[in-house]
Amino acid sequence: MLSIRGLETPPRDSGPSDRRPSDQEPSDQAHARRWDAVHGAVLRYIRSRGGRHDIADDIAQETVARLVELSGAQQIGSVFALAFRIADNLLVDLHRRERRLSDEIDSDWQSDEPSLDRVLDSRRAVAVFDRCLRRMPPLRREVLIRRRLQHESCRAIGEALSISAKAVEKHITRGMIDLRRALEQAGVDLVGHD
């Protein structure tokens with residue numbers, strides 16, 4: 001952090017001083033106090049506008065540095081008014097730069113492909129489903145595959161396997177319970193997956 005105490009050029013006062021020369025502090029200390037006052041005011045101003053503390057400090061430092069540079073080149077009518085204007089401009093510039101960077105990052109990382117985590121979870125789920133289906137009784141496995149994968153109606157499955165539609169529904173219910181239980185035991189969570 002740039003030390004304000006080392007700054008040489010003070011803000012120029014617009015009016016005469018009430019103090020007599022014999023009462024005044026040494027010039028460097030008075031200048032440093034004035035710049036400290038500007039720095040503190042800008043810091044409070046940026047924080048009141050919702051600026052983060054680290055950013056507020058950076059903007060206040062940059063504002064004072066620009067004021068010092070300007071005061072050496074020209075007469076400043078109102079140091080505080082100019083300081084607040086510079087701080088506002090710096091804050092706007094910062095927000096624009098952050099928004100531009102975040103937009104660039106977002107567009108660079110966007111993809112229509114599923115995330116790696118989702119792909120791995122899906123592969124684990126398929127492996128769990130496969131093991132679970134192999135362990136099921138043959139009739140339950142057949143009913144579940146016909147209903148869930150081949151999208152046959154319960155009545156059509158019942159007619160093809162010579163069982164009632166109610167029995168088909170019970171096999172589907174038990175098969176789904178077996179699959180959910182197997183997923184839970186394997187630690188696979190498919191919540192939020194399509």
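The values are calculated or read from the model by the stated rules, or taken from the named source; none is laboratory data. Given the structure is predicted, the values throughout are model-derived calculations rather than measurements. Keep in mind that these areas ignore ligands, DNA and RNA; they rest on the heavy atoms of the full protein, side chains included. Shrake-Rupley method; radii C 1.70, N 1.55, O 1.52, S 1.80 Å.
Heavy-atom accessible area with a 1.4 Å probe sorts LEU90, LEU149, largest first, into LEU149, LEU90. Karplus-based coupling profile of the range 53-69, in residue order and whole Hz: 4, 5, 6, 4, 5, 4, 5, 4, 5, 5, 4, 5, 4, 5, 5, 4, 4, with θ = phi - 60° in 6.51 cos²θ - 1.76 cosθ + 1.60 and x standing for Gly or Pro.
Remark: the range 46-179 projects, on average over all directions, an area of 14.9 nm² (convex hull of Cα atoms).
Return a whole-number percent for the relative contact order of the range 88-185, with Cα pairs under 8 Å and 6 or more residues apart as the contact set. Relative contact order, the range 88-185: 26 percent.
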